[in-house]
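Contents: one structure, followed by commentary.
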Amino acid sequence: MIRAGQVIFSKMEEVQFGKPAAKTVAELVQRHQAERVFLMVSGTLNRETDEIEKLRRALGNHCVGTFDKMPAHTPRSAVIAAAEQARATEADLIVTLGGGSITDGAKAVQLCLANDIRDVEALDKVRPPATAKSSRVRQISVPTTLSAGEFSPVSGITDERTRVKELFRHPDIVPKAVVLDPAVTRHTPLWLFLSTGIRAVDHCVEGICSNESSAHGDASALHGLSLLARGLPRVKADPNDIEARLDCQIGAWLSMTPLVSGVPMGASHGIGYVLGAVFDIPHGHTSCIMLPSVMRWNKPANADKQALVAAAMGRPGEEASDVLDAFIRGLGMPRSLGDVKVGPDQFERIAKQAMGTPWVPRNPRPIAGPAQVREILDLAA
């Protein structure tokens, strides 16, 4: 049988990289003829740096409001609060400057504005498989971490009632433009920059190793992985290495090609969603902890693809799980569930909840039930 498949392209219009964020965003706003720009930004950057003020100055009278209170993991209540503020300003464009929780929050705000969502319960009306209306209010994103959610038409939102992270999807919520400015990432705590870099490594690796991988996704992910493998240690050695930071940003961008084009992720992402929502572990750290163990467990099903991962990281012929383990340790990141105080007494709950994520059932080595998830958790203990 001849190979067959599908590659999906998003509605993102452009990515600008290596340019100053404030000036570039102002030019994009003018080009897209936006009049009322609502900012969703990092509270820390707003309080402790001049990056947000530079953006406001560049936008001038076009800036109609600022929301800077989005917590980690994007809780529903904060999405509703941001949407109410954006609605009151009659915004016609949202600009984000911050990490993945802010980016995801703005995507969800688009859905709230388009579908008249005004309370946390009403978000159920636009959660798949429900049909949601498209928003006329689009988004421009300036990321400060490497999680790379700005390249995806998916928003991960945590339901505080159940402590479950849910995925909201709509092709129109992907940002229309992304601005990669390595200079603004210098304010990001080093542990956060490096750990979200491993999140991007996780995108690359699970995309390459998927049973549904494509040549298109593999080409991007393999090059993205090589950029991240070189760039992250350079940033750790010298946080002022702007070229290395840009390499990492471009690597993170390329890491999303498999996911955005329709390739499913695997158990590292699926278990990571549970660890983040239930235990409030940053998603960068969940990838640091889970990815090598998932690779070790998966090897009987995809040793040939794992060999590609090791080679892209500059260690051809070695075990990919060992290469990843050593790489993550070298960055000073946590490497076990014990490191983040998650013990075996929690494994049954994690395993059961992970089976309900989109990714665990599509792991390259089949996972029939919670018992197999427990095997992976035991490896990561």
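Restricting to the stretch 336-359, name every residue that is of a type outside the set (A, V, I, L, M) and crowded, with 18+ Cβ neighbours inside 10 Å. Show your work before the answer.
Restricting attention to the stretch 336-359, the residues satisfying the condition of being of a type outside the set (A, V, I, L, M) are 336, 338-339, 341, 343-349, 352-353, 356-359.
Of everything in the stretch 336-359, those that are of a type outside the set (A, V, I, L, M) and crowded, with 18+ Cβ neighbours inside 10 Å turn out to be Phe347, Gln353, Thr357, Trp359.
Restricting the stretch 67-102 to residues that are more than 18 Å from Pro175 (Cα to Cα) and among the hydroxyl-bearing types (Ser, Thr, Tyr), the residue that is surrounded by the fewest Cβ atoms within 10 Å (Cβ to Cβ) is Ser77.
Among residues belonging to the stretch 236-258 that are of a type in the set (A, V, I, L, M, F, W, C) and surrounded by 24 or more Cβ atoms within 10 Å (Cβ to Cβ), point out the one that is nearest to Leu146 (Cα to Cα). Here the answer is Ala252.
No other residue among Ala106, Ala114, Ala122, Ala148 is more than 13 Å from the chain's Cα centre (by Cα) and crowded, with 24+ Cβ neighbours inside 10 Å apart from Ala106. Exactly one residue out of Val137, Val109 is farther than 26 Å from Ile281 by Cα, at pLDDT 95 or above and of a type in the set (Val, Ile, Thr): that is Val137.
For the stretch 350-381, give me each residue that is of a type in the set (D, E, K, R) and more than 24 Å from the chain's Cα centre (by Cα).
Arg374, Glu375, Asp378 - these are the residues of the stretch 350-381 that are of a type in the set (D, E, K, R) and more than 24 Å from the chain's Cα centre (by Cα).
Listed here are the residues, each with its yes/no results for (1) surrounded by 14 or more Cβ atoms within 10 Å (Cβ to Cβ); (2) touching a residue at least 12 places away in the same chain (Cβ under 8 Å); (3) in the same structural domain as Val142 (by TED's automatic domain parsing); (4) not charged (D, E, K, R).
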residue: Met1; (1), (2), (3), (4): no, no, no, yes
residue: Ile8; (1), (2), (3), (4): no, yes, no, yes
residue: Ala21; (1), (2), (3), (4): yes, yes, yes, yes
residue: Val25; (1), (2), (3), (4): yes, yes, yes, yes
residue: Ala34; (1), (2), (3), (4): yes, yes, yes, yes
residue: Val37; (1), (2), (3), (4): yes, yes, yes, yes
residue: Leu45; (1), (2), (3), (4): yes, yes, yes, yes
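Take the stretch 1-28 and flag every residue that is outside any loop (DSSP other than H, G, I, E, B) and out of contact with any Gly (no Cβ under 9 Å at 6 or more places or on another chain).
As a first pass, look at the stretch 1-28 and keep what is outside any loop (DSSP other than H, G, I, E, B): 14-17, 21-28.
Correct list: Glu14, Val15, Gln16, Phe17, Ala21, Ala22, Lys23, Thr24, Val25, Glu27, Leu28.
Is at least one residue of the stretch 174-187 in contact with a strand residue (DSSP E or B) (Cβ under 9 Å, 6 or more places away or on another chain), surrounded by fewer than 24 Cβ atoms within 10 Å (Cβ to Cβ) and of a type in the set (Lys, Arg)? Looking through the stretch 174-187, at least one residue is in contact with a strand residue (DSSP E or B) (Cβ under 9 Å, 6 or more places away or on another chain), surrounded by fewer than 24 Cβ atoms within 10 Å (Cβ to Cβ) and of a type in the set (Lys, Arg). For Arg161, state whether it is within 26 Å of Gly330 (Cα to Cα), among the basic types (Lys, Arg) and surrounded by fewer than 23 Cβ atoms within 10 Å (Cβ to Cβ). Here the answer is no, as Arg161 does not meet what is asked. Selection over the stretch 59-93 of residues that are under 20 Å from Arg31 (Cα atoms) and either touching a Pro at 6+ places or on another chain (Cβ under 9 Å) or among the polar types (S, T, N, Q) (or both) gives a count of 1.
The values are calculated or read from the model by the stated rules, or taken from the named source; none is laboratory data. Keep in mind that this is a model prediction, so the values were computed, not measured. Backbone-built Cβ (ideal geometry, glycine too); neighbour counts: all protein chains shown.
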